[in-house]
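Undergrad: Structure in structure tokens, see below.
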Amino acid sequence: MKKRWIVLFGIAIMIIFGLGIKFYMDEEKLNKEMIKIVYSDEAKQVFEKRLTNLDAKAFTKEGIIQSYEIDEGSIESNPMGGIEVALIINNNTEMNVSYTMSNSNGELSGGASVVSEKLSKLLGRWEQE
């Protein structure tokens, strides 16, 4: 009788361990897919269009936004769908824009965005209450 419980306990441990590995592998696959999407040419076009909407002279000598880079540590799945990603502007971590990227109708788009306080002030969009 005691042997039966040990065997059942061993099987239960193996099942739990196997499920843990499966969930970990699924998470890794999802992370790789999100990174691939965020670094795609299509995402680059979306980022540049959205940044140009913030600063009409972006990427020119007169513009405030001169460059951007993707903050890889910020890439994560949004519980409501899509991918959360932050862009660091002009190599200054205090100036950033966060987007919710989504794929609707087969086209990648930048949804909601959050602009950091410092960048917002530089763009003249900051109003104190």
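The values are calculated or read from the model by the stated rules, or taken from the named source; none is laboratory data. All of these numbers come straight from a predicted model, not from anything done at the bench. Note that each Cβ is placed from the backbone with ideal geometry, even for glycine, and that neighbours are counted across all protein chains shown. Protein only, heavy atoms only, side chains kept; ligands, DNA and RNA dropped before computing areas. Shrake-Rupley method; radii C 1.70, N 1.55, O 1.52, S 1.80 Å.
Undergrad: Is there a residue in the stretch 10-30 that is outside any helix (DSSP H, G or I) and either touching a residue at least 24 places away in the same chain (Cβ under 8 Å) or open to solvent by less than 70 Å² (accessible area, probe 1.4 Å) (or both)?
TA: no
Undergrad: If you don't mind, there's one more thing I want to ask. Which members of the stretch 95-121 meet the condition of being surrounded by fewer than 17 Cβ atoms within 10 Å (Cβ to Cβ), assigned to a strand (DSSP E or B) and over 16 Å from the mean Cα position of the chain (by Cα)?
TA: Ser104, Glu107
Residue-by-condition table, conditions (1) within 23 Å of Gly124 (Cα to Cα); (2) modelled with pLDDT under 90:
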| site | (1), (2) |
| --- | --- |
| Glu42 | no, no |
| Gly63 | yes, yes |
| Pro79 | no, yes |
| Asn91 | yes, no |
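Undergrad: Quick one: would you say Ala86 is touching a helix residue (DSSP H, G or I) at 6+ places or on another chain (Cβ under 8 Å) and not charged (D, E, K, R)?
TA: For Ala86, the condition - touching a helix residue (DSSP H, G or I) at 6+ places or on another chain (Cβ under 8 Å) and not charged (D, E, K, R) - is not met.
Undergrad: Moving to a separate point now. Tell me yes or no: at least one residue of the stretch 52-59 is more than 23 Å from Lys118 (Cβ to Cβ) and at pLDDT below 90.
TA: no
Undergrad: Sticking with this structure for a sec: Looking for something more than 17 Å from Ser120 (Cβ to Cβ), assigned to a helix (DSSP H, G or I) and under 22 Å from the mean Cα position of the chain (by Cα) - is there at least one such residue anywhere in the stretch 48-61?
TA: The answer is yes; a qualifying residue exists.
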